[in-house]
Amino acid sequence: MENIKIKVNGNEVEVSPGKTVLQVLKDLGIHVPVLCHYEPLMPQGSCRLCVVEDRGVLKTACTTPVEPNMDIKTDTPNVINSRKLVLQLLFSERNHYCMYCEVTGECELQDLGYEFGLDHFEFPTYERRFPVDNTHDFIMMDHNRCVLCRRCVRVCSEVAGHFVLGEMERGIDTMIIADMDVPLGNSSCVSCGLCAQVCPTGAIIDKRSSYLGREVQSEIIYSNCDMCPVGCGMEIYKKQGANFIVKIYGDWNSDVSHGLLCKVGRYLSLYDEKDRVVGIKLKDDFGYRRLHEDNLIEIFKNKLNNAVAYVDGSLFNEEIEMIKEIFKDKVYSLYPNNSPIPTNINLSELDNKEFYVVINADLNREYGAVGSIVKRNVIGKKAKLMVIDKEFNSLAKIADYVFNIKDPNLAMDILKKQKEVVVIYKDITEEEKNLLSSLNNAKFLHLPKETNSIGLQKYDIKHEKVEAENVFIFGKNLEGIKDLPIQNSFVVVFTPYEDEVLRRADLIVGITNGFEREGSFYNLEGKKLKKEKVLKPDFDVLDLKSFLSTVLGKTEKVF
Amino acid sequence: MGKIKVASVWCEGCSGCHMSFLDMDERLVELINKGLEINATPITDLKIPDEGTDIGIIEGAVATDHHEEEVKMMRERCKIIVALGDCAVFGGIPTMRNYIPREELLERGYITTESTVDGKIPTSPEIGKHLPKTKAVNEVIKVDLYVPGCPPSADAIYYVLKEVLEGRIPKLEGELLKYE
Ligand code: SF4
Ligand code: SF4
Ligand code: SF4
Ligand code: SF4
Ligand code: FES
């Protein structure tokens, strides 16, 4: 399409049609205040803070497309006074007494008040009291601070795909509600936390991060979540000069998750309450005795003859590489890590498909970001969904077809008739694999069990059980130890968490975990992602990567 | 430059704003040298401002009938009324009680508090009676200048007084304009 000519504050400019006035003004570097507008969401033009004048008429910049012959003015008294009036109304409709508010100092409404020099309320305020909903585990909703911008409603549907939030009543009586007006804690909310991230005011706050500090007092670290193989992009706010994380936001610029995060990444990764293995413990006749760090390398090297190593998918690529180097390829995986049918679609291509098949994974509970993509297409864009599961799957209630694993042929008949289907699967049997592979209209996304399962595949580490005099185990999930042939072996375990099965170990080494360690891994799309080190460990634990490189003589000092 | 007479009152506030006023420290001397004359204030312990006072500063919200009288008298006797601090400007912390019925509030404060024995709601006519609602000063009288903040910084107060002394209308901006 050809460019069109418009005037902006008296100057003629050429702009491409299809843009909104707001986009054009932004490109020109002209500041326009916004409140309901939020970049990744559909504009709705409700707050009217972004108004500009076009040939004498006030228009909302965020929703008005540019047209030929427009004569936009952004700073006439009419524009400024209208914005001020809107602000005055917003401040007095509910309780915006900032002194009590969790977000004071980083509130978009407050910033607008300062920008427009609002130094008092023109209308009587505190006339009505609104409820506070504190029923949710992670977020609190204080309706007294709500400006009805509907960012939360839009993000919960358009982006997160959960369609929990909505509104009730009209005008100033409008209330943001969950489901059919139930307390947030009893609603269908899956705690992805996106609503709290986009709320411009103190109406939805993250309980854990409350009063821990402001964004300006934080250092922002971009990293990827390693709690599951999706690897969502994280924007981590770490308090400057302190050793704690204030909060975690989804990174809108991540080319994996495009802003998504789930409960696991955003909240559970910060609420880790499992017991940690502290120090280095060697078994002797009286139980375990603490070993000095210097002795560890010695024992480690002495036991390398006739030794094998087992790893799980929590290890990073760098660690796997060094373990392979040390154990001369006698490295095995504690768990199966193969993808029965190779993945041939990535997350960025997952939107706008017509037919999704989800097999043996409840995407409301695990792989949350994938769940969001499927749900926003199924509920929001009417794509079809087939759920095949041996167990209860909470996606079933929004599915068009629900199958038990026992009648695969019927499901196959339906799938074959589709133009294209996207199969998102976790565990499948050999027989199911053969059936599914025969579909020539399908794209496949495998959901591996462990964060770096794909890494283990790439390093060719197989799931085998091998006997040896000395057995070294590295990892977080120790369940698999029970099945190893280690009755007569000397067993060394490097792990972050205490576990029953550690009683079988002769030497136990506590290692760094979560935000204490860095490294790279391959996510379910096969993208190499980086996890950053954000915190210093609070315990006496060893960093596996530094330890291994010391064993290999690559670095001088390990501790 | 002639003298500029200043008076102040302390309604439903915590005195924090007056403390911030004193926090101007040696700049107070500078203002006095420039012609500021401090008249009836809680600091001088005089209660009735002179007629024709130039600047009347009000700390605190309007919560009782006494406050209402006080601010009305300020309005009558002062040329410029300054609402000083969040309570005077927005109603502030004292408006918390607006959501609770007055009777319930007094009952809780004077009788049912855990530490109270034989409590009694005071009835002396010397004590102001709660209005149905605690209000910002501009809901009762016309206000000319607003200095929000809880309390406003000494810098903000200094700026406002200096501008007035020099014959300009102050406009708070940037670091000087704060709601908390
Ligand atoms: S939401 Fe913003 S404007 Fe409203 S009280 Fe809180 S900090 Fe102030
Ligand atoms: S936490 Fe997520 S699912 Fe729950 S209401 Fe907010 S956006 Fe919706
Ligand atoms: S809760 Fe927050 S995001 Fe939702 S409408 Fe209210 S102010 Fe906007
Ligand atoms: S979907 Fe996975 S990677 Fe994304 S936040 Fe949740 S646990 Fe982390
Ligand atoms: S930002 Fe345009 S109307 Fe709200």
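The values are calculated or read from the model by the stated rules, or taken from the named source; none is laboratory data. The model shown is predicted, which means the values in this text are computed figures rather than measured ones. Using ideal geometry, Cβ is built from the backbone for each residue, glycine included, and neighbour counts are taken over all protein chains shown. Each accessible area value is taken on the protein alone, full model and side chains, heavy atoms only, with ligands, DNA and RNA left out. Shrake-Rupley method; radii C 1.70, N 1.55, O 1.52, S 1.80 Å.
Mind checking which of A:Ile388, A:Leu535, A:Val51 is farthest towards the positive end of chain A's charge dipole, using Cβ charges of +1 (Lys, Arg) and -1 (Asp, Glu) about the Cα centre?
My answer, from the dipole projection, is A:Ile388.
Compute the angle between helix A:317-326 and the longest alpha-carbon principal axis of chain A, please, reported from 0 to 90 degrees and rounded to the nearest 10.
Helix A:317-326 and the main axis of chain A meet at about 10 degrees.
Quote to one decimal, in nm, the extra length available between A:Ile299 and A:Asn253 on full extension: 0.36 nm per residue of separation minus the C-alpha distance between them. Working shown, then result.
Numbers: separation 46, 0.36 × 46 = 16.56 nm, distance 4.61 nm.
Net length gain for the segment: 12.0 nm.
With the calculation restricted to Cα positions, what are the radius of gyration and Dmax of region A:259-406 in angstrom?
My reading of the Cα-based Rg and Dmax gives 22.4, 66 Å.
For region A:347-447, with only Lys/Arg (+1) and Asp/Glu (-1) charged at the beta-carbon, what is the dipole magnitude about the Cα centre, in debye rounded to 20? Could you put the intermediate results ahead of the total?
Working: 16 positive and 15 negative charges, 88 e Å.
For region A:347-447, the charge dipole is close to 420 debye.
What ranking do A:281-287, A:311-317, A:459-465 get when scored by the average of other Cβ atoms within 10 Å per residue, highest first? Walk me through the numbers before you get to the answer.
Working: A:281-287: 11.4, A:311-317: 23.9, A:459-465: 14.3.
Put in order of decreasing packing, that is A:311-317, A:459-465, A:281-287.
Mind checking the log10 I(q)/I(0) for chain B at q = 0.09, 0.14, 0.15 Å⁻¹? Debye, one equal scatterer per Cα, no solvent, two decimals.
The Debye formula, applied to the Cα set alone, gives -0.34, -0.75, -0.84.
Enumerate the amide H contacts of B:Leu131 below 5 Å, restricted to partners 5 or more residues apart or on another chain; note that Pro and chain-start residues carry no placed amide H.
B:Thr64, B:Asp65
Can you tell me which of B:72-85, A:359-372 comes out highest on packing, and rank the rest after it, using the mean Cβ neighbours within 10 Å? Display every interim value, and only then the final one.
Working: B:72-85: 20.9, A:359-372: 22.6.
Ranked by mean Cβ neighbours within 10 Å, highest first: A:359-372, B:72-85.
Quick one: what do you get for region A:103-232 if you divide its Cα Rg by 2.2 N^0.38 Å? Don't skip to the answer; put the middle values down first.
Details: Rg = 16.2 Å, N = 130, 2.2 N^0.38 = 14.0 Å.
Output field value: 1.16.
Excluding residues on the same chain fewer than 8 positions from A:Lys417, give the lysines whose Cα lies under 26 Å from its Cα.
The qualifying lysines are A:Lys353, A:Lys375, A:Lys381, A:Lys382, A:Lys384, A:Lys390, A:Lys397, A:Lys406, A:Lys426, A:Lys433, A:Lys443.
Express the relative contact order of region A:347-447 as a whole percentage, based on alpha carbon pairs under 8 Å and six or more residues apart in sequence.
Numbers: 152 pairs, mean separation 31.5, N = 101.
Result for region A:347-447 is 31 percent.
Measure out, as a whole number of angstrom, how far apart the alpha-carbon centroids of region A:465-502 and region A:282-304 sit.
16 Å
Would you mind giving the total buried accessible surface between chains B and A, with a 1.4 Å probe and ligands, DNA and RNA left out, rounded to the nearest 100 Å²? Present the calculation step by step, with values, prior to reporting the outcome.
Working: alone 10040 and 25910 Å², together 33940 Å².
Chains B and A together bury approximately 2000 Å².
Starting at the first residue of region A:246-257, write each ³J(HN,Hα) from the Karplus equation 6.51 cos²θ - 1.76 cosθ + 1.60 with θ = phi - 60°, in whole Hz, x for Gly and Pro.
The phi angles translate into 6, 6, 10, 10, x, 8, 4, 8, 5, 8, 9, 10 Hz.
Label point 7 Å out from A:Glu219 along Cα-to-Cβ: which residues of region A:262-284 have amide N under 13 Å?
Answer for this model: none.
Roughly how crowded by other chains is peptide A:94-103, in terms of the mean Cβ count from those chains within 10 Å of each of its Cβ atoms? The partial results should precede the final answer.
Numbers: counts 0, 4, 2, 10, 7, 9, 4, 2, 0, 0.
Taking all residues of A:94-103 together, the mean is 4.
Could you work out the relative contact order of region A:4-75? I mean the mean sequence separation of Cα pairs under 8 Å and 6+ apart, divided by the number of residues, in percent. Write down the numbers at each step before the final one.
Numbers: 126 pairs, mean separation 29.6, N = 72.
Relative contact order here is 41 percent.
Within 10 Å of each Cβ in A:115-127, how many Cβ atoms from other chains are there, averaged over the peptide?
Values: counts 2, 0, 5, 4, 14, 12, 8, 1, 1, 6, 7, 11, 2.
Average per residue, whole number: 6.
Which peptide among A:122-133, B:5-16, B:51-62 comes first, and what is the full order, when sorted by highest mean count of other Cβ atoms within 10 Å?
Working: A:122-133: 15.2, B:5-16: 22.1, B:51-62: 23.8.
Answer by packing, highest mean first, reads B:51-62, B:5-16, A:122-133.
Please report the carbon-and-sulfur percent of the accessible area for region A:126-270; probe 1.4 Å, protein heavy atoms only, DNA, RNA and ligands left out.
Details: 2850 of 5620 Å².
About 51 percent, which is the carbon plus sulfur part of the accessible surface.
For A:168-181, what's the mean count of beta carbons from other chains sitting within 10 Å of each residue's beta carbon?
Working: counts 0, 0, 0, 0, 0, 0, 0, 0, 0, 0, 0, 0, 0, 0.
Partner Cβ neighbours, averaged per residue: 0.
Pairs of alpha-carbon atoms within less than 8 angstrom and 6+ residues apart define the contacts here; what relative contact order does chain A have, in percent? Could you put the intermediate results ahead of the total?
Working: 1114 pairs, mean separation 67.8, N = 559.
Result for chain A is 12 percent.
With charges set only on the Cβ (+1 for Lys and Arg, -1 for Asp and Glu), what does the dipole of the protein assembly as shown come to about its Cα centre, in debye to the nearest 20? Can you show the working numbers first?
Working: 92 positive and 114 negative charges, 308 e Å.
The calculation lands at about 1480 debye.
Quote the charge dipole size of region A:463-559 about the Cα centre in Debye, to the nearest 20; the model charges only the Cβ of Lys and Arg (+1) and of Asp and Glu (-1).
Details: 15 positive and 17 negative charges, 97 e Å.
Computed about the Cα centre, the dipole is about 460 debye.
I'd like to check one number: the per residue accessible area of chain A, probe 1.4 Å, reported in Å² as a whole number.
Values: 24910 Å² over 559 residues.
Result: 45 Å² per residue.
Could you derive backbone 3J(HN,Hα) for region A:25-41 from the dihedral phi with the Karplus parameters 6.51, -1.76 and 1.60 (θ = phi - 60°), listing whole Hz in sequence and x where the residue is Gly or Pro?
Going residue by residue, I get 5, 4, 4, 7, x, 9, 6, 10, x, 9, 9, 6, 6, 8, 2, x, 9 Hz, with x marking Gly and Pro.
Can you tell me how much longer the chain between A:Lys239 and A:Leu535 gets when fully stretched, taken as 0.36 nm per residue apart minus their C-alpha distance, in nm with one decimal? Before the final figure, lay out the partial values.
Values: separation 296, 0.36 × 296 = 106.56 nm, distance 1.03 nm.
Here the answer is 105.5 nm.
Check A:Ile204: other-chain or 5+ apart residues with amide H under 5 Å from its amide H, H built from backbone geometry?
Amide H neighbours of A:Ile204, under 5 Å, 5+ apart: A:Asp142.
If each of A:Asp483 and B:Glu175 carries a label point 7 Å out from its Cα toward its Cβ, how far apart are those two points in nm?
About 6.5 nm, to one decimal.
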